[in-house]
Structures are given as C-alpha cells and as structure tokens.
1. Would you check if there is a residue in region B:179-187 being open to solvent by 50 Å² or more (accessible area, probe 1.4 Å) and not aliphatic (A, V, I, L, M)?
2. So for region A:120-131 (the condition being modelled with pLDDT of 90 or more, at the interface with another protein chain (Cβ under 9 Å from one of its Cβ atoms) and surrounded by 21 or more Cβ atoms within 10 Å (Cβ to Cβ)), does at least one residue qualify?
3. One residue is enough: does region A:101-112 have a residue meeting the conditions of a type in the set (A, V, I, L, M, F, W, C), within 21 Å of B:Gly336 (Cβ to Cβ) and crowded, with 20+ Cβ neighbours inside 10 Å?
4. In a helix (DSSP H, G or I), farther than 30 Å from B:Met198 by Cα and at pLDDT 75 or above: does that describe A:Leu71?
5. Within region B:179-197, track down each residue that is within 13 Å of chain A (Cβ to nearest Cβ) and touching a Lys or Arg at 6+ places or on another chain (Cβ under 7 Å).
6. Go through region A:134-173 and give me each residue that's open to solvent by 70 Å² or more (accessible area, probe 1.4 Å) and either of a type in the set (Val, Ile, Thr) or closer than 22 Å to B:Asn347 by Cβ (or both).
7. Working only within region B:225-249, note down all residues that are loosely packed, with under 15 Cβ neighbours inside 10 Å and under 14 Å from B:Val172 (Cβ atoms).
Amino acid sequence: MKFVLSRVGQALLVLWAAFTVTFVILEVLPSDAIETKYNNAGGDSVNLTEENLDALRSEFGLDLPLWQRYLQFCGRAIQLDLGNSISQNRPVTDLLVENLPPTLQLAGFALAVGLVAGCAIAFLANWLRSPLLRRALTRLPALGVAFPSFWIGLLLVQLFSFHWQLFPATGSRTPASVVLPGLMMAIGPAAILAQLLNRSLSETLQEQYIVTAGAKGLGRGEVFWRHALRNASLPALTILGMMVAGTVTGAIVAETVFSRAGVGRLAQQAVEVQDLPLVQGIVLMAAFAFVTVNLIVDLIYPVLDRRIKVS
Amino acid sequence: MSVVSPGQTATGVVERPEVGSVPATAGGVDGAEIAAAGGTTTAQLDRPSDRSKVEAPAGLEESASSVPPAPRAPALVSAAQPARAARTLRALAFAGRHAVTILAAAMLLGVVVAAVAPALITRSSPFDTDPDAKLLPPSAEHWFGTDQLGRDLFARVVHGTSLSLEGAVIAVGLSVLVGLAIGVLAGFAAGLADTLLMRAVDVLLAIPGLLLAMSLVTAIGYGTRNVALAVGIGMVPSFARTTRAEVLRVKQLPYIEAAVAAGARWPRVILTHVVPNASGPVLVMGVLEFGAAILAVSTLSFLGYGAAPPAPEWGSLVSSGRDFMITSPWLALAPGLVVGLLVLSLNHVAKTIEEARA
C-alpha cells in the first residue's frame, strides 16, 4: 500500500512539474496570442488599437502578474478547467473531449498493430530455423526506426491508396480510414518493441532453465511459450509507457499527413496560431497519458515478476 | 527522442541505446558466418600458390611477391599471380563481410561532401527553374526528377544538406553540452542535488519530444535555429541520464581514488579523469541521437515550422512535394528516402563503434 501511494505521489509530482514547465515555456517566452489572432490573421478587416488589445488581454486574463496567473491556472486545472482556447473561443477541455475519440481509435489501432507486429517479428526471428530469415527479421526493425514516419505515411498512401486503391488516403469518417494512418503510427513502436523483445528473447533462450526444460522432454513450442516468452516479455513491458507517449507524437504527424480530425491535428493547428492555452492543455493531456501508463506498469510489474521486491 | 522524436519522435530516449545494441547479436552471427565463408574461399584459392611455392622459402601469401627469385622462373610467375589474386580476393571478402558498413560509411562521406561542397556532387543549380522540364520523372539526367518549376530535385536535396544538417548539429551539440553538465553534476553531487536534477529530467521525459518542441517553437517562433534549439532541449534528458550512469561507474574506479589521494582537486579530477573516461557511451549515443535529431528536425520542417519554402530543407521538400503525390510521387518520396538512408547509416555506424569498443 505504501508502495502504491508513493508511486501515485511521484506520478502526480511529475504531472505538476510538467504543467509548470509548459507554463513557464509558454508564458515567459515572448509571444502574444492576442496580437497573432486579431492583427495577423484578419488582415485588413480587423486592425485593433493598443486599447482594444489590452481589453482583450484582460478578458483572457493575460494582464495579471505571472504568479497570479500561475496560481489561477493551477486552481482551474485541478477542476479540469484548462481555460479558453484563444483561437476558437471555446473551453480547451471541450475541444479536447471532442477531438479525443478519433485519436483514441487511431492510437488504439496503432498500439495493437504495433504490439502484435513487434512480438511477431521478435518471436519469428528466434523461432525460425532458416538463418537467412532470422537475420532478415532481426535487421528489419532498423528500417522502421530510421525512416521518418511522415515519409512512411506518404509511401503507404502512394501504394495503398493511389496505386492499389485499397484504403482511403484522407478523412476520418469510415472505419477503413484508420488503417493507413494506424499502420504508419504502428511501425515505429513495432520496430522498437521488436528490437527489445528480440534481444531479451535470445538472451533468455541461452538460460540454463531453458536447457533444463528441453532436457526434461518438453517440446520446442512449450519451451518457447511457457518458459522463454513469459520471462522475455517482462523487459518489454517497461517501454509500454514510452510507446503510449510515442502515439501522441505519432498522432500529430499521422493526422497531418492523412488530414484526419483529432488531438494531433488540433495540436498542430494550435501551434500554428500560437493558441497557448490549447497547446498547454494538449501537452498536459499527453503528460497525463504517459504518467498514467507508467504508473500502471510500475504497479503491475511486481505482480507479474515476484522476484522484484516491493520497496 | 524523440521529437520526434521522431526522436523522441516516434522513437524515444530510453530505447535509443537498444537500437544500436539489439542487432549486435545478429551482426555477430552473420559476420562470423560470412567470415567463415570468406575464410574457406581464400583458403581454397590459396592452395595452388602454396603448392607452387614448395621450393620457395616458406612464407605467407602476403610476402609471396617479395619471395627471392627461385631457380625456376615459370614457378615464380605462377606463384606470384595466384598470390595477387588471393590478395584481391581477400580484399573482396573483407568488403563482402563489411559491405553494409562500407556502404554506410560511403553514405556518410557523401553527405558530408554534400554539406561542405555541394558543387562537387551536382552541377545543376538548386534554384534554376526550367519551364520546359516540369515534373519530369527520375532519369539519368535528373536523378530525382524535377519539381513543378523544373528545378532539379537531386540538386535541391544536395544543396539542402548543409541546412538540414545544421539543425541536427546544433540540437545534438546543445544537448550533449547541457546533458553532460547535468549528468556530471548529478553523478558527483549525489544526495539532494542529484535527486532534484534527475526529477527535472524525468519531467522533461514525460512530455513527448515533438510536443515539447512544438510548444517551444510556439513561444520562440519558427525557423531552423529555433527548431534545432527545441529539439536539442528535448534530447537533454537522455544524455543527462547516460552521463550520470557513466560518472557513477567511473567515480568508483581506483584511479579516481588515486588522483584524489595524490591531491588533485575535484574540478581537475572531473575534467581530466572522469569526463574522458565516461565519454565513450555518450559518444555512441551522440551518433545515435544525431540520427534522431535529423528525424526530429525534418519532422518539424515537414509540419511547417522549419525553414521557409524556397530553402531546400529536406523536411520542407517532402512537405511541398506532397501536393503532387498523385502525379509525381518522387517529389515527396526521394528527399525522405535520403533522410531515411542517412539515419540508417548513422545507426549502423553507431552500432559498429559500440561493437568495436566492447
């Protein structure tokens, strides 16, 4: 219980600090969202005077001293009120909730594909007997790590949408539209997972107890499934949090490449118009996802591996 | 990395070391296989020369050409020629064994030349337009084809190298310096300072790299330098962690104790004993992170925060080529291919360095 509480406390601390960091980055550094919105965007139609701008700044609470704004932000954030988006004039929380479902679908699909593909590659690289195939599968993930994800996305569009016309290249309405951006997002995590799992699996297969299990007369499959894979998959669990954080990054690029609605697209647009509250809300949400998944992994790790003493 | 992380892009911070070390097993296995294969071929081909050298002083193939003239001239000729052939073959076997490494090194060399003296690689100008040669597919004349204004895409990619790499160099340089400083400080100070610094690093890790970079770019504005700065800050945590771990390891070694016992002050111990000995893994990581930084910078440029359009930055080239995906896919795909091959080469070289050090 003490362990659980301390981990939860740590997670909250990291979350608070992440919030503060984004606050500092976005508030202290010079930029003026109000001016960006009304004077640059509108062109000739709106040209506000300094007084108008000041009035707008006080409307959004941008004229208060820094520490006061910080406390205000903290207080509101606890109540899940992340302020108003400057560019869209709506509560940030509403925008996030609205854009979350398509992104969750996409991220869920990508994570599932990534997990399955990563495990399959690592498993086959150790299971197959042909040295050529084994080597090819061991090398394959290096490609997934090296090529820029936006490039992979464009390649997928070229092949599966334009050439073979199997899946739509843009949009987010039909279920089929998830496939290509999902694949694009899955490749990076799959490659990383495959590399990690492959190494831990080939290390595990050298262990004495694997030899013992084989000597006892267990079949190759049984040794693999019941002894090797179970022990080898534990280290892979630790990168789960990073994979989830990666999907936030992946979603920004994937939703831009495939013109899909979602949080990633929202983030990209928010940065373009310097909508600070919105950017802050998205960063906070991403940090929350990362911290939560890591917390869950931390908490279930001792359950899965009893050798780790709860401390 | 990554902003990307890419960097922490889709690829992150903690997994980076694995990137290099995972295929290590594979490299070892297949290296040995090819080595064995190469060994047999050379051995077989060496045999004739051995036989003809029976009268000659026993020598290795390498010295076969310098063998003193034997009484029978024909024997010498037949001895020298297979020896030379064997040497060529051995060189070929070496090349075969390290084919990937040689290709990777060639790619890196090419990129360096392109960054320093692009005119050596292509004579075409990256900015000259040619209305008669619009959207041409790749050919012998235009390796990557031409864009909507008839500009040679290969020339644009080559001339864009320095701009594209500048961002990555700044990012890695910044993160190495700051990360090294934080890591050394945390590793040495221990106690409260260590805890505080490492917690700060944890916080930076909790914000996805690309998102962190995007918030920074929101605040400080667009452009290659700003993007590089943002990417660099996002990469500090991984360097700080690696450095700290190394410092903690080196700190306990006897020669540090000896240096302290000899009366050296801490700054001197850190600068002349700890940092040089802790820098190995940081160097390998630097090469890997350089690849991650290239990916991150190009991703941010692709999203439109980097260099402004006429500049042939790689990510921007892909981004502007996107509009012609249906008719001229090479415009977007070719520059991205270069980025991918470059990062692949960097990762391979980092892996090779790591293996050589082990």
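The values are calculated or read from the model by the stated rules, or taken from the named source; none is laboratory data. None of the values given here were measured: they were computed from a predicted structure. Using ideal geometry, Cβ is built from the backbone for each residue, glycine included, and neighbour counts are taken over all protein chains shown. Ligands, DNA and RNA are stripped out before the accessible areas are found, and what is left, the full protein with its side chains, is counted by its heavy atoms. Shrake-Rupley method; radii C 1.70, N 1.55, O 1.52, S 1.80 Å.
1. Within region B:179-187, the subset open to solvent by 50 Å² or more (accessible area, probe 1.4 Å) is B:181, B:185.
Narrowing the set further to residues that are not aliphatic (A, V, I, L, M) leaves none.
Taking every residue of region B:179-187 in turn, none turns out to be open to solvent by 50 Å² or more (accessible area, probe 1.4 Å) and not aliphatic (A, V, I, L, M).
2. So far as region A:120-131 goes, yes, one or more of its residues are modelled with pLDDT of 90 or more, at the interface with another protein chain (Cβ under 9 Å from one of its Cβ atoms) and surrounded by 21 or more Cβ atoms within 10 Å (Cβ to Cβ).
3. First pass over region A:101-112, keeping only residues of a type in the set (A, V, I, L, M, F, W, C): A:104, A:106-107, A:109-112.
With within 21 Å of B:Gly336 (Cβ to Cβ) added as a condition, the list becomes A:110.
Narrowing further to those that are crowded, with 20+ Cβ neighbours inside 10 Å: A:110.
Yes: region A:101-112 contains one or more residues that are of a type in the set (A, V, I, L, M, F, W, C), within 21 Å of B:Gly336 (Cβ to Cβ) and crowded, with 20+ Cβ neighbours inside 10 Å.
4. In short, no.
5. Just the residues of region B:179-197 that are within 13 Å of chain A (Cβ to nearest Cβ), to begin with: B:195-197.
The answer is none; no residue qualifies.
6. Residues of region A:134-173 that are open to solvent by 70 Å² or more (accessible area, probe 1.4 Å), as a first pass: A:134, A:139-140, A:143, A:163-166, A:170, A:173.
Hits for region A:134-173 are A:Arg134, A:Arg139, A:Leu140, A:Leu143, A:Thr170.
7. None; the set is empty.
Residue by residue, here is whether (1) of a type in the set (Lys, Arg); (2) open to solvent by 10 Å² or more (accessible area, probe 1.4 Å); (3) within 26 Å of the chain's Cα centre (by Cα) holds:
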residue	(1), (2), (3)
B:Lys251	yes, yes, no
B:Ile256	no, no, no
B:Val287	no, yes, yes
B:Gly291	no, no, yes
B:Tyr305	no, no, yes
B:Ser316	no, yes, yes
